[in-house]
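Working notes for the structure below.
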Amino acid sequence: MRIYILIWFLVISLAQAQTADCTKIFEERKEELRREIEQVDEAKQSLEALRAASNALFERQEKALDEKRSELEAYERQLAEQEEAIKVKLEENERILGLINEAKENRLVETYAKMRDNAAAKILESMDTKEAAGIFFALPPKKVSQIMAKMNPNVASEITSLLNAGPPFE
């Protein structure tokens, strides 16, 4: 019986030794897992911090982009308004210029209409034929015939050809 007690005592000792080794292994493994969990938590926190920083940067950039877009739209509207104002002024200036040219032409035509035929013929003969044709075009037909009758036939013929082609005489 002593042998059985001794064997039983050895088995229990061996079982306790193995249990102690298992406990030691479990504790070591538990510590390793705890360190890995800490590393994973740190990595997770770093990732969340990076994500938050990226989102904040993206939002700032998007806000800046929206502000630039608004500025550009306002600038486009301003340019369109200025362009429209310039068009209106240009049309008004063209209208005024037309009135001035018409008044100048009328005055010039009126001057030639009141001149004697000989004097008008000499002046118009010495002018550029295109300018002379422009003046003749505005004069009444009776006055044109009277002045042309007093002109050099070659010059009168050239002016007649221009008048026949019609304005503009350029």
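Here are some notes:
- Ordered by solvent-accessible area of protein heavy atoms (1.4 Å probe), largest first, the residues Phe136, Phe26 come out as Phe26, Phe136.
- Length released on extending from Ser157 to Ile7, taking residue separation times 0.36 nm less the Cα-Cα span: 38.9 nm
- Largest accessible area first, the residues Ile5, Ile159 order themselves as Ile5, Ile159 under a 1.4 Å probe with ligands, DNA and RNA left out.
- Heavy atoms of Val88: accessible area, 1.4 Å probe, square angstrom to 10: 80 Å²
- Residues of segment 119-135 with amide N under 18 Å of a point placed 7 Å along Cα→Cβ from Ala149: 119-125
- Computing mean projected area of the Cα convex hull in nm² directly from the structure and comparing it against (1) 10.0; (2) 12.8; (3) 22.8 singles out (3).
- Net length gained if the chain between Glu94 and Arg107 were fully extended (0.36 nm per residue, minus Cα distance): 2.7 nm
- Solvent-accessible area per residue in the chain equals 84 Å², computed with a 1.4 angstrom probe and all protein chains kept.
- With every protein chain in place, the chain: carbon and sulfur % of accessible area (1.4 Å): 58 percent
The values are calculated or read from the model by the stated rules, or taken from the named source; none is laboratory data. Fair warning: this is a prediction, and the values are worked out from it, not measured in the lab. Because the Cβ atoms are built from the backbone with ideal geometry, glycine has one as well, and the counts that use them run over all protein chains shown. Ligands, DNA and RNA are excluded from the accessible area calculation, which covers all protein heavy atoms including side chains. Shrake-Rupley method; radii C 1.70, N 1.55, O 1.52, S 1.80 Å.
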